[in-house]
Amino acid sequence: MLESAITYLQHADPFAIYAFLFLIAFLENIVPPIPGDVPVAFIGYLINFSRVSFWPSVFFSSAGSLCGFMLVYLLSRSLGLKLYAEGGTPTHNWLSRAVHRFFPPEDMEIIRHKFTTHGYLSVLVNRFLFGSRAVISVMAGLMHLRILPVFITAAISATVWNILLIYGGYLLGSNWRDIGSYVAMYSLPVTGIFLLLVVFSVWRFIAERKRKHD
């Protein structure tokens with residue numbers, strides 16, 4: 001399917017290419033198995049010999065990424081507010097009872113405050129995280145992070161990442177498929193540091209809870 005899209009895009013008009021960029025970047029956030037980075041880099045390659053321009057490509061790919069991220073975040077936030085009502089009694093239904101059995105409201109309140117400390121940072125670097133982008137949008141919603149800061153940090157993350165992808169595809173030219181190795185070069189170190197930060201935060205949370213219960 002991807003090969004067919006690439007063949008079509010090589011002869012498509014710029015509007016169709018920009019629409020494709022928006023759609024593939026949007027769907028990548030909704031259906032994570034859909035590859036988003038490689039097609040975006042391919043558009044960078046097309047800049048070499050077509051009427052496609054750099055900054056419109058960055059805009060449409062970033063807009064698609066942002067819209068997809070925010071949709072998942074808002075749906076997750078809505079669910080999180082229903083399961084754990086802010087400062088009040090949670091909704092009483094089978095789903096909330098099942099969730100509260102494993103994640104009591106009092107613990108979730110503490111976790112939410114802890115996550116807020118690093119939550120916006122995780123959204124800011126989410127595009128650089130290997131295999132964790134969809135998880136970040138869901139967690140940001142469940143933890144009730146505020147909408148405007150999430151929107152701003154997600155927009156910055158998507159824009160910077162797509163600039164790198166499109167410019168990388170432009171520089172690589174016919175070797176644009178090699179973008180995967182460069183993506184890993186950027187993503188793996190950032191992902192490693194982020195996971196260490198998460199593990200350290202979880203360890204501190206468990207240690208503090210143990211001290212309170214002793």
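The values are calculated or read from the model by the stated rules, or taken from the named source; none is laboratory data. Since we're looking at a predicted model, the values are computed, not measured. Every residue, glycine as well, gets a Cβ built from its backbone with ideal geometry; the counts of neighbours run over all protein chains shown.
Data table
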read-out: A134 being within 17 Å of I30 (Cβ to Cβ), among the aliphatic types (A, V, I, L, M) and touching a Pro at 6+ places or on another chain (Cβ under 9 Å); value: yes
read-out: The range 13-26 residues that are of a type in the set (G, A, S), paired with ones that are in a helix (DSSP H, G or I) and crowded, with 22+ Cβ neighbours inside 10 Å (beta carbon under 6 Å, 6 or more apart); value: A25/S61; A25/G64; A25/S65
read-out: Residue count for the range 41-57, restricted to those that are within 10 Å of Y167 (Cα to Cα) and β-branched (V, I, T); value: 2
read-out: Identity of the residue in the range 28-57, among the hydrophobic types (A, V, I, L, M, F, W, C) and within 20 Å of L71 (Cβ to Cβ), that ends up surrounded by the fewest Cβ atoms within 10 Å (Cβ to Cβ); value: V31
read-out: When residues of the range 14-27 are limited to those that are crowded, with 21+ Cβ neighbours inside 10 Å and within 12 Å of the chain's Cα centre (by Cα), the one nearest to N162 (Cα to Cα); value: A25
read-out: Hey, V58 in contact with a helix residue (DSSP H, G or I) (Cβ under 7 Å, 6 or more places away or on another chain) and among the β-branched types (V, I, T) or not; value: yes
read-out: V123 under 19 Å from F26 (Cβ atoms), out of contact with any helix residue (DSSP H, G or I) (no Cβ under 8 Å at 6 or more places or on another chain), modelled with pLDDT of 65 or more and in a helix (DSSP H, G or I); value: no
read-out: Lone unmet requirement of (1) part of a helix (DSSP H, G or I); (2) buried (at least 16 other Cβ atoms within 10 Å of the Cβ); (3) among the aliphatic types (A, V, I, L, M); (4) modelled with pLDDT of 75 or more for V183; value: (4)
read-out: Test for I111: is it in contact with a Phe, Trp or Tyr (Cβ under 9 Å, 6 or more places away or on another chain) and modelled with pLDDT of 75 or more; value: no
